[in-house]
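J.: Starting off with a structure, shown below.
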Ligand SMILES: *[C@@H]1O[C@H](CO)[C@@H](O)[C@H](O)[C@H]1NC(C)=O
Ligand SMILES: *[C@@H]1O[C@H](CO)[C@@H](O)[C@H](O)[C@H]1NC(C)=O
Ligand SMILES: *[C@@H]1O[C@H](CO)[C@@H](O)[C@H](O)[C@H]1NC(C)=O
Ligand SMILES: *[C@@H]1O[C@H](CO)[C@@H](O)[C@H](O)[C@H]1NC(C)=O
Ligand SMILES: *[C@@H]1O[C@H](CO)[C@@H](O)[C@H](O)[C@H]1NC(C)=O
Ligand SMILES: *[C@@H]1O[C@H](CO)[C@@H](O)[C@H](O)[C@H]1NC(C)=O
């Protein structure tokens, strides 16, 4: 009898294991730290680690006359200012806005990706290189990854290396004016392969995620590209492989200037997608909390000193809403049956699996008796 029960339980696990491919999904951040890890202006924080030292860079006026302030830490807790990473010479015909830098390492060379534009217009993606993580990098020696004549607005580059085969990809945001497939007009996220030692996009762009939900509204009646649109925004892609074969693309939706801004995610089984996203009426990972945090978003993800615990690094506004500073929270993952946007399918699926199990168990008991 015990034997039969053991067999039947083993069967249940086997059926569930084979049939219901559960995935790990990130959980909502519910408790926010009281203070940022650094009180200066450093938005769109990108944290990375080299040989046990943590680094963080972000959007902001440098404190030492450069662009993109940087921080350094041994433990993810205490962060010291560590200079500005980019030299950008101010020239009348040159971009005056530099946004959302990230750094990636390939063959002991560090690559700084960022966008450069005129105000909030004509942003193009650039990459500059250096032999050390915090540079200095030189904007005059950067390579342009997008052609602004062909792509009028590209921001938030995120270089990602697939652990499976070592291939590099570049996720970034661009504008869309169509409403195909029920998408909203606005900024969305795309991906392309990075080739030629990080200096060129392959030119085979795929859509990762586009706006579909009300909470992702950037601005009603926004005048842009010579028209008036209800404009929706998804930006700040950060891709993470918590388990092999599952690609979680974190993004920030809505308007970075307002408390509606927050982080959500989509999931795919290949870096190029397709990505499934089942967001609802609000961002699921970080969001504003009255008297606690304002507009937490534009995140990166990093492993802690134990190489297991994951942390989400994001910015939020100070109370006066004049400064965006970096915050760090632990990020939990939980097992979940994958959704096909309509959750009814999952219930049906689980019910069928359970029915199948009952039939098998009845069959076994019938023969055992
Ligand atoms: C990290 O360690 C490797 C191996 O010791 C070394 O070759 C490399 O230069 C180090 N990188 C940095 C940025 O310290
Ligand atoms: C940060 O600064 C403190 C005080 O100056 C120093 O003790 C510490 O070693 C520094 N940490 C890093 C990672 O540079
Ligand atoms: C940056 O590169 C330009 C062009 O090569 C060069 O003239 C300039 O001196 C460099 N700036 C720094 C600070 O290295
Ligand atoms: C950018 O695109 C325009 C229009 O297609 C083209 O004429 C120009 O040569 C391109 N610039 C570069 C640097 O490739
Ligand atoms: C990339 O860089 C490596 C050295 O770092 C070099 O051997 C290789 O030829 C380069 N590949 C391309 C496509 O530029
Ligand atoms: C947007 O424009 C429409 C049409 O002019 C108007 O009815 C609506 O109130 C506007 N919405 C906002 C939020 O300004």
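Nothing in this text is a laboratory measurement; each read-out follows from the coordinates by a stated rule. In this text, all values refer to a predicted model and were calculated from it rather than measured experimentally. A quick note on method: Cβ atoms are made from the backbone with ideal geometry, for glycine too, and the neighbour counts reach across all protein chains shown.
J.: To the nearest µm²/s, what D does Stokes-Einstein give for the stretch 217-359 at 4 °C and 1.567 mPa s, using the Kirkwood radius over alpha carbon pairs as Rh?
T.: Values: Rh = 17.3 Å.
It diffuses with D of about 75 µm²/s by this estimate.
J.: How far is helix 2-19 tilted off the main Cα axis of the chain, in degrees rounded to 10, range 0 to 90?
T.: Its long axis makes an angle of about 40 degrees.
J.: On a 0 to 90 degree scale, rounded to 10, what angle separates helix 344-368 from the longest Cα axis of the chain?
T.: It is inclined by approximately 30 degrees.
J.: Now, a different point. Looking only at 29, 127, 85, which one moves most when the chain is put into a Gaussian network model with springs between Cα atoms under 10 Å?
T.: 29
J.: Express in nm, to one decimal, how much length is gained between residue 196 and residue 75 on full extension, taking 0.36 nm for each residue of separation and deducting their alpha carbon distance.
T.: Values: separation 121, 0.36 × 121 = 43.56 nm, distance 3.44 nm.
Gain in length upon complete extension: 40.1 nm.
J.: If you take the square roots of the eigenvalues of the alpha-carbon gyration tensor of the stretch 252-306 and sort them as a ≥ b ≥ c, do you get rounded (a/c under 1.5), prolate (a/b over b/c) or oblate?
T.: Taking the square roots of the gyration eigenvalues as a ≥ b ≥ c, the stretch 252-306 is oblate.
J.: Okay, next question. Largest first and to the nearest Å, give the Cα extent of the stretch 125-184 along each principal axis.
T.: 45, 33, 16
J.: Still on this structure, please answer the following. For the pair residue 49 and residue 178, how long in nm is the line joining their label points, each one 7 Å along Cα→Cβ?
T.: Between residue 49 and residue 178, the simple spin-label model gives 4.2 nm.
J.: Using only the alpha carbons of the stretch 278-325, what is the convex hull's orientation-averaged projected area in square nanometres? Can you show the working numbers first?
T.: Values: hull surface 18.7 nm².
Projected over every direction and averaged, the Cα hull of the stretch 278-325 covers 4.7 nm².
J.: Over what distance in Å are the Cα centres of the stretch 282-305 and the stretch 149-227 separated?
T.: 21
J.: Right, next: Once you keep just the Cα pairs under 8 angstrom separated by 6 or more residues, what percentage relative contact order results for the chain?
T.: On the way: 901 pairs, mean separation 60.9, N = 369.
Dividing the mean separation by the residue count of the chain yields 17 percent.
J.: To the nearest 500 deg cm²/dmol, what mean residue ellipticity at 222 nm is calculated for the chain from DSSP H runs of n ≥ 4 alone, each contributing -39,500 (n - 2.57), summed and divided by the residues?
T.: -4000 deg cm²/dmol
J.: May I pose another question? Quick check: pseudo-label points 7 Å beyond the Cα along Cα→Cβ at residue 164 and residue 368, how many nm apart are they?
T.: Those two pseudo-labels are separated by 4.0 nm.
J.: How high is the FRET efficiency between residue 258 and residue 335 when r is their beta carbon distance and R₀ equals 41 Å, given to the nearest 0.05?
T.: Given R0 = 41 Å and the Cβ-Cβ separation, E is 0.75.
J.: Something else now. Send over the per residue convex hull volume for the stretch 23-336, Cα only, as a whole number of Å³.
T.: Measuring per residue, one finds 135 Å³ for the Cα hull of the stretch 23-336.
J.: Then there's this: Let me know the volume per residue of the alpha-carbon convex hull for the stretch 52-124, in Å³.
T.: Looking at the stretch 52-124, the number lands at 101 Å³ per residue.
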